[in-house]
1. Of all strands (runs of 3 or more DSSP E) completely enclosed by region 1-113, which ones contain at least 3 residues that are in contact (Cβ under 8 Å) with a residue 60 or more places away in the chain and in contact with a helix residue (DSSP H, G or I) (Cβ under 6 Å, 6 or more places away or on another chain)?
2. Considering each residue of region 139-148, count those that are within 14 Å of residue 77 (Cα to Cα) and buried (at least 24 other Cβ atoms within 10 Å of the Cβ), and give that number.
3. With respect to residue 121, is the statement that it is modelled with pLDDT of 95 or more and surrounded by 16 or more Cβ atoms within 10 Å (Cβ to Cβ) true?
4. Can you pull out the residues in region 114-135 that are in contact (Cβ under 8 Å) with a residue 12 or more places away in the chain and under 22 Å from residue 29 (Cα atoms)?
Amino acid sequence: MPPREIVTLPNEILRRKARDVDDFGPELQTLIDDMIETMRVAPGVGLAAPQVDVPLRVIVVEFGREDDPEAPKKLYTVVNPEIRRASSEEVEGLEGCLSIPELVGEVDRSVAVTVTGQNRHGQPLKIKAKDWLARIFQHEVDHVNGVLFVDRATRVFVPEPEEFSEHQGTEV
């Protein structure tokens, strides 16, 4: 599966709400596999279908444990994702985006979220996430709703080269 091209601003697909998925056939499976490969090659920790120019509600997230960077990463695929619960407690964090290269922003996000949706085969799933993983899910669900991190950021800037390389592998 070859990586797909990641679209960037000002591509209008990034500003549109994506459509629900109701067909879990081979085309969706290929899209998901391609998205995983694209996310890994980029490199990033999450990717939404609109970022590869497909207007569907599909996200992939791959992240390890914050307390053990050497631990294996866990891969999440969520079709028709929705944030059902979000903690009232928020924390500010630095975010970047594969579709807005070379910019980062300070964004307030809920510390914990519950995400519902379906797995790649259409079965229901529920994920409880906190801290950085919760931030990634919020960022990716925003993408399928046509919202970008720059819309939520309290400050957006071009980082210094050493800052950028430090965050390059953690772009959401």
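The values are calculated or read from the model by the stated rules, or taken from the named source; none is laboratory data. Keep in mind that what you see is a predicted model, and the values were worked out from it rather than measured. Please note: Cβ atoms are built from the backbone with ideal geometry, for glycine as well, and neighbour counts cover all protein chains shown.
1. The qualifying strands (runs of 3 or more DSSP E) are 46-48, 58-63, 90-97.
2. Step one: of region 139-148, the residues within 14 Å of residue 77 (Cα to Cα) are 140-141, 144.
Restricting the remaining residues to those that are buried (at least 24 other Cβ atoms within 10 Å of the Cβ) gives 140, 144.
Looking only at that region, the number is 2.
3. No: the conditions fail for residue 121.
4. Scanning region 114-135 gives 115, 116, 117, 118, 119, 120, 121, 122, 125, 126, 127.
The rows are residues; the columns are (1) farther than 21 Å from residue 134 by Cβ; (2) buried (at least 19 other Cβ atoms within 10 Å of the Cβ); (3) out of contact with any Ser or Thr (no Cβ under 6 Å at 6 or more places or on another chain).
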| site | (1), (2), (3) |
| --- | --- |
| 15 | yes, no, yes |
| 41 | yes, no, yes |
| 54 | yes, yes, yes |
| 69 | no, no, yes |
| 89 | no, no, yes |
